[in-house]
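See structure below.
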Amino acid sequence: MSDKLDLGALAEARQYVRWVKRMRLTYRVESAAKPEVEVPIKQTKVESVTEMAKPRAANVPSKIVKPEWEGRPEFAALAQRVDACRKCALGATRTNAVFGVGDPNADLVFIGEAPGANEDASGVPFVGNAGNLLTRELAKNGVSRDEVFICNILKCRPPNNRDPLPEEIMACEPHLLEQLKLLKPKFLCGLGRHAIQTLLKHEVKIMKIRGQWETYNNLPLFVCLHPAAVLHQPQNRALFEADIAALAKAYHGRDRGGA
Ligand code: URA
């Protein structure tokens with residue numbers, strides 16, 4: 001590896017940090033919608049820094065490696081790396097890393113912002129009331145949770161569901177990009193304003209762009225309301241239902257040109 005400073009990359013990183021910091025000025029408006037029913041969380045023993053830096057022994061089975069990833073060792077290996085990741089401080093406070101669930105050959109990937117309490121406790125994304133709403137709405141439109149892939153930008157829960165810090169996003173987004181490289185989906189669906197802003201790297205008015213297609217990492221990104229926000233603002237339920245129906249239509253028609 002060259003030890004020369006890559007000024008282009010440095011400038012890009014600085015611009016990114018500036019944007020994320022700016023974004024946080026208006027980042028909380030929807031945060032009342034975030035918490036779901038809190039489940040008691042097993043306290044994680046905080047390891048010493050040297051303990052945290054130790055790689056997980058290769059023969060220690062991780063409960064995040066799922067049977068459906070059989071035959072995709074690179075997927076299981078990435079899940080293990082995410083599980084062992086200590087690139088930011090969240091690795092020390094979370095109970096479980098939440099890698100994601102679903103079909104490693106999925107054509108459609110859902111991306112939320114970060115695990116909540118239920119997800120942290122179970123290691124599975126979108127399992128609380130919001131997750132149930134998403135699962136039900138997909139099923140109504142002929143899409144099973146098992147045939148898609150569901151994950152978050154951050155793999156570890158920020159304590160008390162606080163907004164992700166810029167450095168946490170910078171540390172964790174590469175995991176998402178690696179996931180997408182392996183999954184090779186046809187479509188992405190970003191859930192909620194926070195996730196969409198983080199993916200697009202600029203502020204958005206979610207009520208203006210919901211139901212539309214944007215682009216992330218050269219992939220079509222469908223903008224959808226967050227199911228948790230919809231639970232807190234039931235007047236938006238019909239919009240959420242319309243979003244999922246439109247997404248399912250594009251997904252079902254993917255061999256005919258999709259989005
Ligand atoms: N909200 C998210 O954004 N992600 C989850 O996994 C659960 C709730």
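Just need a number here: residues in the range 204-225 that are within 16 Å of I153 (Cβ to Cβ) and surrounded by 18 or more Cβ atoms within 10 Å (Cβ to Cβ).
Summing the residues that are within 16 Å of I153 (Cβ to Cβ) and surrounded by 18 or more Cβ atoms within 10 Å (Cβ to Cβ) in the range 204-225 gives 7.
Is the range 145-158 home to any residue that is modelled with pLDDT under 95, within 15 Å of the ligand (Cβ to nearest atom), within 16 Å of the chain's Cα centre (by Cα) and over 30 Å from P73 (Cβ atoms)?
Taking every residue of the range 145-158 in turn, none turns out to be modelled with pLDDT under 95, within 15 Å of the ligand (Cβ to nearest atom), within 16 Å of the chain's Cα centre (by Cα) and over 30 Å from P73 (Cβ atoms).
Would you please name the residue that is surrounded by the fewest Cβ atoms within 10 Å (Cβ to Cβ), looking only at residues in the range 111-132 that are of a type in the set (A, V, I, L, M) and near the ligand (Cβ under 7 Å from one of its atoms)?
A130
Can you confirm whether L177 is over 15 Å from L221 (Cα atoms) and in a helix (DSSP H, G or I)?
No.
Tell me whether the range 133-143 contains one or more residues that are within 16 Å of the ligand (Cβ to nearest atom) and free of Cβ contacts under 8 Å to residues at least 40 places away in the same chain.
Yes, the range 133-143 has at least one match.
Return only the number of the condition from (1) surrounded by fewer than 23 Cβ atoms within 10 Å (Cβ to Cβ); (2) within 9 Å of the ligand (Cβ to nearest atom) that C88 does not satisfy.
Of everything listed in (1) surrounded by fewer than 23 Cβ atoms within 10 Å (Cβ to Cβ); (2) within 9 Å of the ligand (Cβ to nearest atom), C88 misses just condition (2).
Across the range 230-242, which residue is surrounded by the fewest Cβ atoms within 10 Å (Cβ to Cβ) among those that are of a type in the set (A, V, I, L, M, F, W, C) and more than 16 Å from the ligand (Cβ to nearest atom)?
Step by step, filter the range 230-242, then rank; the result is A238.
So C156 ticks every box in (1) more than 25 Å from E68 (Cα to Cα); (2) touching a helix residue (DSSP H, G or I) at 6+ places or on another chain (Cβ under 6 Å) but one. Which box is left unticked?
(1) is the only condition that C156 fails.
Are any residues in the range 182-229 touching an Asp or Glu at 6+ places or on another chain (Cβ under 7 Å), more than 16 Å from the ligand (Cβ to nearest atom) and in a loop (DSSP other than H, G, I, E, B), and if so, which ones?
P185, K186, G211
The values are calculated or read from the model by the stated rules, or taken from the named source; none is laboratory data. These figures come from a predicted structure and were not determined experimentally. All Cβ positions, even for glycine, are placed from backbone atoms using ideal geometry, and neighbour counts span all protein chains on display.
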